[in-house]
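Colleague: Below are the C-alpha cells for one structure; questions will follow.
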Amino acid sequence: MSGSQISQDDIPDLYSRLAPVYDLWARLTESHSRDRSLELAAIQNGESVLEVAVGTGLAFEKIVSSNRYGRNEGIELAESMLRRAENRLSLSEGNYRLQPGDARALDFPDASFDVLLNSYMLDLMPEEDFIPVLTEFKRVLRPGGRLVITGMTRGEHWYNGIWEHIYRLNPAWLGGCRGIQVQPYLRQLGFTDMQREFISQMSFPSEIVFARAPASRN
Ligand SMILES: C[S@@+](CC[C@H](N)C(=O)[O-])C[C@H]1O[C@@H](n2cnc3c(N)ncnc32)[C@H](O)[C@@H]1O
C-alpha cells in the first residue's frame, strides 16, 4: 500500500471539481460494493445509523428509505458533495439529518449508534489517520454495534493493477483513493466478527468489511 498523496486540506477543493461527475463514476465502478455494504449492514427499521462521508448521498438515500422510523445521521467534509446529498434527499420522507463534519472528530456522544457505514473515505486518507478515525468509529458505536467499511483495495487479479497505475500517474483522477486493507487496523482496536468480501467492478477492486464494535469499551 502506498501512502496517501492527497492532503486532507485539499479534499474540499478536489471534491468540488469531482462532484459533478461523481455519480457516473460511482455507478460504473462502485455501485455493486455500495449495495453489498448495505446488505451486510442489515439495517432494521428503527435503528440509529450514522454514515460518515456521505458524498453525494448515494448510500444515504437508501439508508433513510430503509430506516424511516429510525434515526439517520450523515456527515461530510466537502460542502459541494454535501449540497448534492441534500438535494438528493430533499424529497425523502424518512427521518434524517445531514451536516458538515469530519471523520477525525465526530460530534456525537459515545455509544450513539447501532450501525456506522463508511465508503471510499479511508482509502484517500493518510495511513496515520486510520487508527484515530477508527477509534472515533468505535467510540460512537454502541458495544456490539455494526460497522461496514467499503473502499478501494489491492487487486486480486492482474487487470486490477491498472488502477494503482492510474493513481501513480495522478492521484486526483481517482479522487485520491488507493488500494488499502482495513482489517489489520480493526483487529488492533478489538473489533470482532470480521468478514471481508472482494468485488471487482469494471476491474476496479473494492473490499467490503463488516465488523462489530468490541463488547467492552477498553
Ligand atoms: C470517494 S468519495 C465517497 C463518497 C461516498 N461515501 C460514496 O461512497 O459515494 C470520498 C468522500 O469522503 C469525503 N471525506 C474525505 N475526508 C473526510 C473526512 N475527514 N471527514 C468526512 N468526510 C471526508 C470527501 O469529501 C468525499 O465526499
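Colleague: Just the residues that are part of a helix (DSSP H, G or I), within 12 Å of the ligand (Cβ to nearest atom) and open to solvent by 80 Å² or more (accessible area, probe 1.4 Å), please, taken from region 67-114.
Modeller: Across region 67-114, the qualifying residues are E79, R83, R84.
Colleague: Can you say whether N118 is open to solvent by less than 20 Å² (accessible area, probe 1.4 Å) and more than 14 Å from the ligand (Cβ to nearest atom), as far as the supplied structure shows?
Modeller: Criteria not met by N118.
Colleague: Just give me the residues in region 40-58 being open to solvent by less than 10 Å² (accessible area, probe 1.4 Å), in a helix (DSSP H, G or I) and within 11 Å of the ligand (Cβ to nearest atom), in sequence order.
Modeller: If the condition is that a residue be open to solvent by less than 10 Å² (accessible area, probe 1.4 Å), in a helix (DSSP H, G or I) and within 11 Å of the ligand (Cβ to nearest atom), then no residue fits.
Colleague: Could you please tell me which pairs satisfy a Cβ distance under 7 Å, a separation of 6+ or placement on different chains, a first residue in region 7-32 that is under 16 Å from N170 (Cβ atoms) and near the ligand (Cβ under 9 Å from one of its atoms), and a second residue that is open to solvent by less than 40 Å² (accessible area, probe 1.4 Å) and assigned to a helix (DSSP H, G or I)?
Modeller: So the pair list comes out as L14/A172; Y15/S80; Y15/M81.
The values are calculated or read from the model by the stated rules, or taken from the named source; none is laboratory data. No experiment lies behind these values; they were computed from the predicted model shown. Backbone-built Cβ (ideal geometry, glycine too); neighbour counts: all protein chains shown. Just so you know, the surface numbers come from the protein's heavy atoms only, side chains and all, with ligands and any DNA or RNA stripped out. Shrake-Rupley method; radii C 1.70, N 1.55, O 1.52, S 1.80 Å.
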